[in-house]
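Participant: Sharing a structure with you now.
The values are calculated or read from the model by the stated rules, or taken from the named source; none is laboratory data. Because the structure is a prediction, the values reported are computed rather than measured. Ideal geometry is used to build each Cβ from the backbone, glycine not excepted, and the neighbour counts take in all protein chains shown.
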Amino acid sequence: MRVAVIGAGVVGSLIARELCKYDVEVLLIEKNLDVGWGVTKANSAILHAGYDDPVGSVRARFCSVGNAMYTELSRELDFEIKRTGSYVLAFNDEETAVLHKLLVQGEKNGVPNLSIHDRETILSREPRINPEVKMGLWAPTAGITEPWMVAIAAVENALENGLKLFLNEEVVDFEKQGNRIVGVITNKQVHRVDVVINAAGLFADEVAKLAGAEYVPLHPRKGQYILLDKKLGNSVRSVIFPTPTEKSKGILVLPTIDGGLLLGPTAEDLPSDRKNDLTTTNEGIQSVKDFVLKLVPEIDFSLVVKTFAGLRPESPQKDFFIGKSEIVPNFVNAMAMRSPGLTAAPAIAKYIAEEVLQQQMRINLTTKKGFKPERKGIRKYAELSLEEWQRAVKENPSAGRMICFCNEVTEAEIVEAIRRGARTLDGVKFRTRAMFGRCQGDFCMSKILKILERELKTDASQIVLKSPNSWVVDGKVRE
Amino acid sequence: MKTDVLVIGAGAAGMAAAIAAAKRNLKVVIAERDEITGGILNQCIHNGFGLHYFREELTGPEYAERFREQLSRYAGAIDVLNDCHVLRLNRDRTALLVSPKNVFELEAKVVVYAAGARERPFGSLMIPGDRPSGIFTAGVAQRLMNIDNRKVGRKALIVGSGDIGMIMARRLTLEGIEVVGVVERLPYPGGLLRNVIQCLKDFNIPLYLSSTVVEVKGSERLEEVVVASVDEQFRPIPGTEKSFKVDTLVLSVGLIPQVEMLNGLVTLDKRTRGIACSNTGQSSNEWIFAAGNCTAVFDLVDYVTKEGERAGEYASRYVNGERFSLGVPIVPGENVMLTFPNYYNDVDDLTLYLRCKKPMEKALLKVGGFEKTFEDLIPSEMIVVKIPKQKLSNLDRIEVKLEEV
Ligand SMILES: Cc1cc2nc3c(=O)[nH]c(=O)nc-3n(C[C@H](O)[C@H](O)[C@H](O)COP(=O)(O)OP(=O)(O)OC[C@H]3O[C@@H](n4cnc5c(N)ncnc54)[C@H](O)[C@@H]3O)c2cc1C
Ligand SMILES: Cc1cc2nc3c(=O)[nH]c(=O)nc-3n(C[C@H](O)[C@H](O)[C@H](O)COP(=O)(O)OP(=O)(O)OC[C@H]3O[C@@H](n4cnc5c(N)ncnc54)[C@H](O)[C@@H]3O)c2cc1C
């Protein structure tokens, strides 16, 4: 039995890992040079509590369950989560009324411990919030994580458990016998398969079309962000939402896992032919700036570290589209993963393995003996005690060579990231946080380039930032 | 481990401070996170260093080498730790040092902080567009070219006409990279006239004044940079866009003093963005002295060396039991953008550094009872003036003014 999962975003990665718990051969096919670089790379990174999805929607079904699963998942896979809690703020009576609706909706969705706080309580916990606030919906189960790290950790663990990963390989067609898919055709080879799971993010509609299966049309909804320096990370402790509108959850202010402050996103609908448009715009960034000041009036924009954009895969139904195809009996969709797709992903993965494959498709999956649920993250030396670190440096001197000063990443961590699969500058960055800090790699990028050159036994001119043509340096100045 | 003086950073400032302290018979540890001492000097292979201090023109590495030699002459007193990053400085005067040899705590009687400056990264400019490879700060481009022997691209545009930007324009050209222009948002060049001539005019590199980058394009490697003219408030003027097809963008848009390690330990100056110091080099925390680009960004290494020596001297006197008050505040007044130092203690005359706010043909500098006329002032060129202490007596605040004449 061979299952191919298409797309190594957070959804596909967790599905692949889930399937590795069984005696099946799992293939994960990803067109990028690394995992987690699609929608999963640029989003708000929130583990949503689950109150703002309409009762009865697919989103509601998976959100709060997925949220709860993250506690165990982060322990098993050793990635960070923080249960910061979240506030939805209301500044007038109309908005207050919305909070009450959200509270009721949340309770129906099974969200635990929701409550509405008055102004004094909110300001005592979050003193930087606009004092004109009236009420706030408090959701203690909301949290934050590093989304790409969830995908990386899941894939690393799956690899330990037998996964076959194909990076830099794009699915371009399918080979069929009757209605059934028998081969996944990529730009490199054909994979013989028994089941295909489509987790291709923004492109999942196109993949489903190639397979001749059901799909919902996807168009990108752009979200632009501003990331601020770590110095500001403690200016708010929880995720701060405005009262949501029909269209989106609004522009937010939230801490990031590594202590920065994230502002955004905008919500701009783009035509479906602009799924690669990750450009930021003046208008977008300006609207983020203007809006967040209403939530947190004193934000020092001189401490901006970077701006970036992400794209939500949006569908007319505004809901996830998950399940087995009626037309192509061995094809399963996990598409239209707009927010809260990150939060829901673990629940979706479990659902697909247990209910869709086993119950609905009547595939008999036997659990694999010796499945190892645990994966260890890369050791962060700067977080060790002095004695532990001293011991580590005795064994491995590079654990004492600081490469990234902003985020305190040593050479040993970078070498480890490469050993685990980083082949590009961004690969190192997303695995270690080096180049992620306030200097954005000005001090460490050239050193990391050299470490990559040495470890991969290649020439620096062959090393790319993130994609095949994103070369960093050219030939030598002098031979 | 224990020492009298811990010097953090072995650039021009730190090396000078360490030598000054060793001359006063103190035990000194100087920690440098790079493999060799010298700091930014090592990558500045052009000449123009040392005219004031050595009265001859040296390259950056040559200038560094002279101090490296002196460091080795004091080998008994100065312990030079290369490849050694100071990760933390604690209130109890201990520091955590990290190196491939060991991770350890060091206890010092006094600290001279000389960590230099960092560059403003591309991300902080909030330029709209794609996020391709091929965008470098000048310092990174300089390091890749001059130390790592790597070309940074094939066709480049440079942003910022400060000395660093112009020097990089020349350097890239000399190595066969086509430089299509230097973009500057001010209406006048940001660096020295001599560099405008030697680095741009001599190589026919156009300088676009009152212009800025409004967009970068290219989802993999940089493909195109859009430049527009700006109005007096530096806002791009619609319709003036010009497009440059380049694969490389080099940014030289300013240095920021590196102060993060001292957060919560010392006061910062909001104009220099560096560590607020007295003319003794002392910070608001009596056992922390600072010098060089972490206090204010200096034009010339010669100044940095002087300030390093000064900080080393007073830090040593502090170890030997002398106590200094910070002194009276020095504040920028009319037409003055920033001043260094930020406080004045009358143990000595005052060497005052300042930058004007706008270009001026002729201006009268007024500081306490001191007056002096200057000509052809531009903000990018620091004014340095020595003021005798008699002219500054009995003031509880020293205002620095430039009156246009
Ligand atoms: C602005 C924004 C904010 C968001 N905020 C949140 C939030 O706070 N909380 C939350 O829970 N969710 C949030 N989301 C939603 C969440 O990010 C997504 O639901 C989730 O990341 C989707 O993951 P995925 O695996 O489906 O897609 P992706 O990460 O895009 O993975 C799909 C992968 O498939 C690959 N692929 C596509 N086509 C092919 C092909 N033909 N062959 C091979 N590979 C292919 C892609 O390269 C990609 O790596 C947000 C989304 C955005 C854009
Ligand atoms: C591109 C460029 C061109 C220049 N051209 C000229 C010129 O032509 N003529 C001229 O006179 N001047 C020139 N200058 C200016 C002059 O070189 C600098 O002002 C001077 O060298 C700065 O010295 P510094 O000691 O303050 O900082 P740096 O040289 O930056 O030294 C700081 C040192 O501290 C180390 N450090 C920082 N933090 C830590 C830590 N936590 N632990 C251990 N070590 C640490 C750093 O690695 C670095 O080596 C130029 C500067 C630049 C950037």
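Participant: Determine whether residue A:431 is closer than 22 Å to residue B:132 by Cα, at the interface with chain B (Cβ under 8 Å from one of its Cβ atoms), under 22 Å from the mean Cα position of the chain (by Cα) and not in a strand (DSSP E or B).
Facilitator: no
Okay, residues lined up against (1) more than 16 Å from ligand 2 (Cβ to nearest atom); (2) basic (Lys, Arg); (3) under 16 Å from residue A:337 (Cβ atoms); (4) at pLDDT below 95:
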residue: A:8; (1), (2), (3), (4): yes, no, yes, no
residue: A:16; (1), (2), (3), (4): yes, no, yes, no
residue: A:28; (1), (2), (3), (4): yes, no, no, no
residue: A:41; (1), (2), (3), (4): yes, yes, yes, no
residue: A:50; (1), (2), (3), (4): yes, no, yes, no
residue: A:59; (1), (2), (3), (4): yes, yes, yes, no
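Participant: Follow-up. Within region B:164-175, work out how many residues are more than 9 Å from every other protein chain (Cβ to nearest Cβ) and surrounded by fewer than 24 Cβ atoms within 10 Å (Cβ to Cβ).
Facilitator: The qualifying residues number 5.
Participant: Please state which of the following conditions residue B:194 fails to meet, knowing it meets all the rest: (1) surrounded by 18 or more Cβ atoms within 10 Å (Cβ to Cβ); (2) within 16 Å of ligand 2 (Cβ to nearest atom).
Facilitator: Of (1) surrounded by 18 or more Cβ atoms within 10 Å (Cβ to Cβ); (2) within 16 Å of ligand 2 (Cβ to nearest atom), only one is false for residue B:194: (1).
Participant: Condition check: outside the structural domain of residue A:55 (by TED's automatic domain parsing), in contact (Cβ under 8 Å) with a residue 40 or more places away in the chain and within 16 Å of ligand 2 (Cβ to nearest atom). Does residue A:299 satisfy that?
Facilitator: When the stated conditions are applied, residue A:299 does not pass them.
Participant: Report, by residue number, each residue of region B:125-163 that is more than 22 Å from residue B:41 (Cβ to Cβ) and at the interface with chain A (Cβ under 7 Å from one of its Cβ atoms).
Facilitator: Scanning region B:125-163 gives B:126, B:128, B:129, B:130, B:131, B:132, B:133, B:151, B:153, B:154.
Participant: Now for a different question. Would you mind stating whether residue A:13 is of a type in the set (S, T, N, Q), under 16 Å from the mean Cα position of the chain (by Cα), within 11 Å of ligand 1 (Cβ to nearest atom) and away from chain B (no Cβ under 14 Å)?
Facilitator: Judged against the criteria, residue A:13 is a match.
Participant: Hey, among the residues in region A:37-50 that are more than 6 Å from ligand 1 (Cβ to nearest atom) and not in a loop (DSSP other than H, G, I, E, B), which one's farthest from the other protein chains (Cβ to nearest Cβ)?
Facilitator: The extreme case among them is A:47.
Participant: Name the residue, out of A:308, A:331, A:321, that is surrounded by fewer than 22 Cβ atoms within 10 Å (Cβ to Cβ) and assigned by TED's automatic domain parsing to the domain that holds residue A:9.
Facilitator: Testing whether each residue is surrounded by fewer than 22 Cβ atoms within 10 Å (Cβ to Cβ) and assigned by TED's automatic domain parsing to the domain that holds residue A:9 leaves just A:321.
Participant: Okay, next question. Condition check: touching a Cys at 6+ places or on another chain (Cβ under 8 Å), closer than 29 Å to residue A:156 by Cα, in the same structural domain as residue A:205 (by TED's automatic domain parsing) and crowded, with 19+ Cβ neighbours inside 10 Å. Does residue A:7 satisfy that?
Facilitator: No.
Participant: Please go through region B:100-120 and give me each residue that is of a type outside the set (Asp, Glu), touching a residue at least 24 places away in the same chain (Cβ under 8 Å) and over 21 Å from residue B:19 (Cβ atoms), ordered by number.
Facilitator: B:104, B:117, B:118, B:120
Participant: Considering region A:226-253 alone, what residues qualify as being away from chain B (no Cβ under 14 Å), of a type outside the set (S, T, N, Q) and crowded, with 23+ Cβ neighbours inside 10 Å?
Facilitator: A:236, A:239, A:240, A:241, A:251, A:252, A:253
Participant: Also, quick follow-up: Select from region B:83-94 the residues that are touching a strand residue (DSSP E or B) at 6+ places or on another chain (Cβ under 7 Å) and over 21 Å from residue A:411 (Cα atoms) and write down the one among them that is farthest from the other protein chains (Cβ to nearest Cβ).
Facilitator: In this case the residue turns out to be B:93.
Participant: Since residue B:302 meets every condition but one in (1) in the same structural domain as residue B:262 (by the TED database); (2) surrounded by fewer than 23 Cβ atoms within 10 Å (Cβ to Cβ); (3) touching a Pro at 6+ places or on another chain (Cβ under 8 Å), which condition does it not meet?
Facilitator: Answer for residue B:302: the failing condition is (3).
Participant: Please verify whether region A:247-265 includes one or more residues that are in a loop (DSSP other than H, G, I, E, B), in contact with a helix residue (DSSP H, G or I) (Cβ under 6 Å, 6 or more places away or on another chain) and farther than 20 Å from residue A:436 by Cβ.
Facilitator: The answer is yes; a qualifying residue exists.
Participant: Can you tell me which of (1) more than 27 Å from residue B:322 (Cα to Cα); (2) of a type outside the set (Asp, Glu); (3) within 14 Å of chain A (Cβ to nearest Cβ) is the one residue B:31 doesn't meet?
Facilitator: The single condition residue B:31 does not satisfy is (1).
Participant: Mind telling me which of the residues A:53, A:23, A:34 ends up being near ligand 1 (Cβ under 10 Å from one of its atoms) and either touching a His at 6+ places or on another chain (Cβ under 9 Å) or charged (D, E, K, R) (or both)?
Facilitator: Being near ligand 1 (Cβ under 10 Å from one of its atoms) and either touching a His at 6+ places or on another chain (Cβ under 9 Å) or charged (D, E, K, R) (or both) holds for just one of A:53, A:23, A:34, which is A:34.
Participant: Which one of these does residue A:439 not meet: (1) facing chain B (nearest Cβ under 10 Å); (2) farther than 24 Å from residue B:125 by Cβ; (3) within 25 Å of the chain's Cα centre (by Cα); (4) without any contact (Cβ under 8 Å) to a residue 40 or more places away in the chain?
Facilitator: (2)
Participant: I need the full set of residues from region B:116-162 which are at pLDDT below 95, surrounded by fewer than 22 Cβ atoms within 10 Å (Cβ to Cβ) and closer than 29 Å to residue B:31 by Cα, in order please.
Facilitator: Residue satisfying the conditions is B:120 alone.
Participant: Confirm whether residue A:87 is among the hydroxyl-bearing types (Ser, Thr, Tyr) and either surrounded by fewer than 18 Cβ atoms within 10 Å (Cβ to Cβ) or within 11 Å of ligand 1 (Cβ to nearest atom) (or both).
Facilitator: Taking the combined requirement at face value, the residue does not satisfy it.
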